[in-house]
Each structure stands twice: as structure tokens, then as C-alpha cells.
Amino acid sequence: MNKTAIQRLEFDKVLVLLSEYAMSDAAKKRAKELLPIQDEKKIRRWLNETTEACKIIETSSSIPVHSLHGVEQLVALVDKGYLITPEQFGFLGAFLDSVKKIKKFMMKQEYHAPTISSYAYSLYELSELADEISRCIRNNRVDDYASKSLTKIRNKAGALEEKIKAKLAQIMKTSSSYLQEQVVSMRNGRYVVPVKNEYKRKFSGTILDQSSSGLTVYMEPSELNKLQDELAFLKVEEELEVQKILGILTEMTANYKQELLLNIEGMISYDFIFAKAKLSKVMRGNEVQLRPDEGYQIINARHPLLGENAVPLNVTLGRDYQALVITGPNTGGKTVTIKTIGLLAMMVQSGLHIPADHSSCFCIINDIFVDIGDHQSIEHSLSTFSSHIRNVIDILKQSREDTLIILDEIGSGTDPREGMGLAIAILEALYHSGAMIVATTHYSEIKEFAEKASGFQNGSMDFDIETLQPLYMLIIGKGGESRAFAIAQTLGMPEEIITRATEISYDQPRGEIMINPSISTREPARIKKPIQKGNQSVINYQIGDAVWVPHLQTKGIVVLKPNSMGEMELFVKGEKLILNHKRVKPFIEAKELYPDAYDLNQVFDNKEDRKKKKMMNRKHVEGLTIDYPEE
């Protein structure tokens, strides 16, 4: 999947967290480089590996996974003329011991973890090599008994050193007046004593060094010269024998290089698998259901980086509808919600458990394309809007079936009317490409579009108007409101300002949102042609027309057409209201609502007028009249 989506959805942060639970550098690297895949069989295997590892962790507190410290480099160089050091053999011996332990451990887990326990059969214990290293190397040095020759040499050297130390003790005692202090030290691998500079000609020996002040010279006593020459020769013999032993061990190790490489790979795999299990436990994750062609059904999910404080998310996509448009106030959690959907999809296709119910279902997608956040480019002098549009253009080029498109605040950053129109057009184009879409917006027109268009669904972030706090809960099937007026009123904004703001906001003429017929099963409302009256443009409403009353957020039926002042009578929620024509919007014409020759007066006349009409229809009644308001 593309790197932009990985970064914008913070999948890379999840991988960093995953790497922290691995022990070896190789497993940490594998964790950080993990990418979502599309192979259904492999995804299922990866998810199952994580599940089995979780079961093992539940019953075992310690997993014998080795950190591989020093082992990988050693094995890589073993057949290239490189002589392995005793310390490195110590690392290798510890590694082989871990291989033996984890193989034994995993074979006992066949009941709980049949898949990952079977991987242990590909590990090689290499007992011969392990035993030889154990015999020859101890405490990071070649052991005295690694060979008979080394044993003999070190025994002779030890006896000689004891003899030298005895003579030194005697010299220190008999020549104490010549010495600067009663201390024996070494220079160039030979024992020396500190002689005062003024006595250097009286002390029998060879000067090997002197102090920085020149007051002390370090001399090898003449009595020790022959003994120390013999000891130096034994040290050379010892080193040659040590090199010989290390060479034999190195050659033996080289013979097992392929087996060692397989062991290293096996240990890295176990390290990585158990790192996934540890992450799952920390996140309280679950293996979810993989349904390749059935969209998403996400149940009680949380953003994996927010922990237990995250409000559970419940959402479906790609099932009953293909596109979800989420509206609601700022800081209400819209961006976190859409990031969560994309991030969880990436995690599932990477074989990771997610913090959601086990019954959640995920499809397999080929890619995720994202436009989230401020992409302002200083280098190219692009505005935030321009940068967003360039990103969306790239997304439009790549959008297709089996992709997920995530757009945050689509169409924002420019003139609201043009931004709204552009946003709807983009959503339509993406819908036609076959992609699944999740988008957030502040535009109420897009909410209306999503309500009418087939394949689209509205969602909103819940908000507590009393506490002025977002509830971070997604509600499907309901578009959200900006809540600006309600929040301002709760905070103490004067009532007259709220009233005036409402008039300004909802009395401005707005065009009807037209739905592209190719993606809508609903017939769009026809826009009525305005008629000219003086300098005013009045829409030619007819009795029975359905209109939308924005400030009441409900529908009404025209009872009486607008008069010369533009005032019209409406039937709204069982009551008659007088409103100016500017305060309503066309919705559905009467001829689409009622059968031909239907007498609308029978619907809207009051009871008294209906009685009068009935009497007039039978006979003439002197003085009986019915008054109608002037149009």
C-alpha cells in the first residue's frame, strides 16, 4: 500500500510500537517494515499465527526467544576466512542453547498452537557443535582443557609464574631500600620492580621503563631474565594452540552455516510472531473475521493508539451502502473515526489483531488512498486547498474497485458554494469508480446529497449540547449539525443575536442539490421557475406544493400561494403558518404528490368553510360568504 496512507493513518506508529515488543534487531526491523498484503491465504495464516501465540502467552510467562546478539554477523563471516573469537563462540553457544529450548518448548504447545509449533521442526539443535563449543569455551575464553597440548602448556606456564613470583617476593624483601614502593608491575609482558632512580646502577637488572617524573625506573631483576624468557616462549605456544582450537571450531561452524541460517530465520520468526501477540494483549486485540467481498462490519472498535479511553466505534461500509459521509462539529472525533477505519483495515491485512470484537468482519482491499490533514507546500507555494486538490486528483486517477478512499473535510479551504459543488462532484466520481468511500464534511448540502443519493449513507458524531462536550460516538443514518448557534446560546450569546444569525443563515437563497441520476434511485426535486414581480423574483408556488422550511428543519405544504408581499400560508406539523417565500425552499411539486383532479381545498379548508361550501353547492343562501386572503 502507498506510503502516504501509511503515514497519514499512523500505521507506521503502530509498527514502531510493535517493534518494541521484539527482542532481536532483525525482528524489530521486520516489524517496522511490515506492510499490508492482499493474499487471502497468507493473511489468514498471519492472523492465525498471532492468535496461537496469544494462547501460548496466556499460559506461559517466559518464551525462550533469543536476541541474536552477535550471532548474525558471526554466521555471515564464518566461511570467509574470519576467525571467530572466544567471546563470539560464547554468543553462538548461548544461541544454540536457546534453539534447543524453544524447539522443546514449542513442541509442547501442539495442542494450543498446532501451526506455529510445527515451525519448530525446521530448527536444528546441532548438538555436536553445541557440545564442542561448550567443552572448549568457558567464560568467553578458550578453556584449559580444550586440548591436551593447551593443558600441558598452561600447566607449565602456571608453575613457572609461581616460581617467578616467589623470587620477586624474595627480591622485594632483600632490596627494599632500593625500591620506591613494595609493588610489582608488568612492562611489555615482563615482571618489573620500581627502583629509585639514584639506585639504578646498584640494582642488578635491566631498565624497561621509567616514570614521567624520572624519579622511578622499572627494572627486570637479572635473576628473572631467563625464567621470563621461558615464560614468554610458553605464552607464544599457548596463543598458537588457542588459535588452532578456534580455527577448528570456526571450520566446524562453517560446515553448519546453512543450518545456522535457518535457525536464525526461525528465531526471528518466533520473535516477530510473539511480538505481534504481545501487542495484541496490550491493545486487547482480537482476530477478526475475514470476508473478502463483503465490505466492513466493525464492532466496538477503538483506535489502537488511544487505548481504553477511546469511545467504541461501530460502523459498516461496502454492504448496504458504498459511501459514508460523516458530519458534525469540530473536535467531535470525525477525523479519528475515519483514521480508525483505515488503520484497522491495514492492521488486519498485516496479520495483526485489532482492538475490536471478534465478530467484526473485514474485506480485502488492494489499496487505501487518503487525504487527511494540512498538506500546505511551502516549497511549491501551494495553498492548503491547492495541495488538497492535487492529492484528490491523484486519488481519482487511482480509485477503482477494491480500494478504500478516506477524505477529511472534502471541499474545504475555498468558497463554500464552490467547495460544496466540487466535493459532491468528487464523491460522485469516486462512487462510479467502485471504491468504498469514507468522507467528513462541514457542508450541510453534502449531508443532504448523501441522504438522497443511492449508495450513500449519512453519519454524525454525537454531541452533548448541555455540557458542550463531544461524545466521540458515531451515529449511522443521521447527519450531524454544526451546533454553532446552540453552543453560542448556551455560552450566553444574546437571544437577539442568535435570532438574527438564524435569519441571515437560513433566509439566503440556496440552490437545490441535484443528484446525478446515474447514482440515485430517487427522482430529484424539480426547481420551480421564478416569476418576476417588480424588482423581486418570486417562485411560482402552487397550492399543495411541498416546501422545505430550513429554520424549522422540516417540510410544509403550501395552503395559499404567495401574495404581493411574498407571504404564503403553509401547513406545517398540523398547524398553519404565515411565512415569507424567502424562508422556504422548493421541495416537491403538488402534481407529483396528489392524483389528477384531486381537490386540495378539501384538505386545507377549515371546518366552517367546508360547511359553507356544502350549503352553497345545494342552493343559494343569502348573505353567506367565504373569505380568502389576497394573493
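Quick check on the stretch 148-233: take the gyration tensor over C-alpha atoms, sort the square-rooted eigenvalues as a ≥ b ≥ c, and tell me if it's rounded (a/c under 1.5), prolate or oblate. The shape class here is prolate. Put in order of Cβ neighbour count within 10 Å, fewest first, the listed residues 234, 404 become 234, 404. The string of couplings for the stretch 385-396 from the Karplus curve (6.51, -1.76, 1.60, θ = phi - 60°) is 4, 4, 5, 4, 5, 4, 5, 5, 4, 4, 5, 4 Hz, one whole number per residue in order, with x for Gly and Pro. When each of the peptides 211-222, 346-357 is scored by the mean number of other C-beta atoms lying within 10 Å of its residues, the order from highest to lowest reads 346-357, 211-222. Karplus-derived 3J(HN,Hα) values for the stretch 554-566, using 6.51 cos²θ - 1.76 cosθ + 1.60 with θ = phi - 60°, are 8, 9, x, 10, 6, 9, 10, 5, x, 8, 5, 8, x Hz; glycine and proline are entered as x. Taking a Cβ cut-off of under 14 Å around residue 323, the surrounding Lys, Arg, Asp and Glu residues balance to a net charge of -1, with basic ones at +1 and acidic ones at -1. With neighbour counts taken as other beta-carbon atoms within 10 Å, the residues 551, 66, 442 rank, fewest first, as 551, 442, 66. Put in line by how crowded their Cβ is, counting other Cβ atoms within 10 Å and starting with the fewest, 498, 368 read 498, 368. Each part gets one Cα centre, and for the stretch 382-441 versus the stretch 151-193 those centres are 86 Å apart.
With a threshold of 22 Å on the Cα-Cα distance, the over-threshold entries among 103/276; 32/278; 42/100; 152/173; 32/55 are 42/100; 152/173; 32/55.
We did not get these values from a lab; they are worked out from the coordinates using the rules stated. Keep in mind that what you see is a predicted model, and the values were worked out from it rather than measured. Cβ sites come from the backbone with ideal geometry, for glycine too, and all protein chains shown count toward neighbours.
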